[in-house]
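To keep things clear, I will list the structure first and then write my remarks on it.
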Amino acid sequence: MWKWLHPYANPEVSYHFTGKLIPWLSALTVLFLAIGIVWALAFAPADYQQGDSFRIFYLHVPAASLSMGLYFAMAVAAFTSMVWQFKLADASAAALAPVGAVFTAIALITGAAWGKPMWGTWWIWDARLTSELILLFLYLGVIALHNAFEDKNLAGKAAGILTLVGVINLPIIKYSVEWWNTLHQGSTVSKLGKPSMSIEMLWPFLFCFLGFALLAGVIVCIRFRSEILNRNSIRPWVRDLVSAQLKTLESK
Amino acid sequence: MQFDSFQAFLNMGGYGFYVWLSFGVSTVLLLTLLFSSLKNHKQVIKNIALRQQREDKLRQVRKNRQNAQTTIENEVSK
């Protein structure tokens, strides 16, 4: 049933496949982000309590969800690499880490810029904020470990262990607003059943969320391809590809 | 459209600073990540090519030396 997946375990096939994927993903990213951001900034109604500061929501929530989603993807990749010794999984984990770190930083910064006018403070050591900050440090640790070893297999193993240990942080972030009495508000979008949001506010959110997810996909693909080349630099197909690329660069 | 004028749009109901700070920082961070990733990809290709050139050159030198050696040996044995 899953046999069609097998060729994609080949680095060369994956390299060319993601290369073909990037232009399509980029076009969709531009489309969704352009519609989503303009809608969020100019056309979505202002919140009845928070006024126009509520528009930060359209950055903050997608960034925060993606920071956790990308970590989860990285953990799945780390687990796959550890259990089945599947080398491409390490390359994808290394590609995911910097993207996740940037989305975590955006979630923290936009959160601070939203917290200042709403709560009166940029930062507070509340459970949700603190656990999200720990997520940023986990990402930084994983990136550092990937770069700390010359041997990429060893680096992948070390970073993978940290990634899997850090998974415990994901449910803590997710349920922090329910387990503890936090200043951070509860979830509005991902409630079971009906989201407690008006439909005119929800649509631009969906566009923004998809747009940012696609953008993350594009950047992960670009970084994944660099990782593949780096890890397979002595293979004949990489040698052929590199010399062909160099010729086109020189002829320009 | 929720705003009457461009001024009102920039002002964001008094929250302009916070809203534009958020959107500005996010844009800068994401664009930096995107362009550094693209630049990194080119750099990786260049580094592999340089290493390849160096290896090819070494191989060539080794081959030349070996050829010279055999010519000398042939000359001596004559």
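Each value in this text was obtained by applying a stated rule to the coordinates, not by laboratory testing. In this text the structure is predicted, and so the values were computed from the model without any measurement. For neighbour counting, all protein chains shown are included, and Cβ atoms are generated from backbone atoms with ideal geometry for every residue, glycine included.
Tell me what chain A gives for mean residue ellipticity at 222 nm when only DSSP H runs of n ≥ 4 count, each as -39,500 (n - 2.57), the sum divided by the residue total, rounded to 500 deg cm²/dmol. Spell out each step's value before the answer.
Values: 8 runs with 186 residues, N = 252.
My calculation for chain A gives -26000 deg cm²/dmol from helical runs alone.
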Applying 1/(1 + (r/R0)^6) with R0 = 45 Å to the Cβ-Cβ distance of A:Trp237 and A:Phe72, what FRET efficiency is obtained, to the nearest 0.05? 0.90
Just how many pairs of Lys in chain B have C-alpha atoms closer than 30 Å, counting pairs that are eight or more places apart or on different chains? 5
Measure of size requested: the Rg and Dmax of chain A, with Cα atoms as the atom set and Å as the unit; please supply both. 20.4, 64
Relative contact order (%) - criterion: Cα under 8 Å, at least six apart; region: region A:55-163: 30
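Ignore the peptide's own chain and count Cβ atoms of other chains within 10 Å of each Cβ in A:104-115; give me the average, rounded.
Values: counts 0, 4, 6, 1, 0, 5, 7, 1, 4, 11, 5, 1.
The per-residue average across the peptide is 4.
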Listing A:Val13, A:Val76, A:Val99, B:Val61 by rising number of other beta-carbon atoms within 10 angstrom, fewest first, gives B:Val61, A:Val13, A:Val76, A:Val99
Under a straight-distance cross-link criterion of Cα-Cα below 21 Å, which lysines are reachable from A:Lys116, leaving out those fewer than 8 residues away in the same chain? none
In chain A, helical segments from DSSP H whose Cα atoms cover 30 Å or more along their own axis and that average at least 0.5 on the Kyte-Doolittle scale are A:11-38, A:57-84, A:87-119, A:127-148, A:199-231
What is the Cα centroid distance between region A:115-144 and region A:56-78, reported in whole angstrom? 14
So what's the convex hull volume per residue for the Cα atoms of region B:1-70, in Å³? 93
Run the numbers on chain A and let me know its relative contact order in percent, using alpha-carbon pairs under 8 Å that are six or more apart. 31
What is the helix-to-structure angle for B:16-77, meaning the angle in degrees between its Cα long axis and the longest Cα principal axis of chain B, kept from 0 to 90 and rounded to the nearest 10? 0
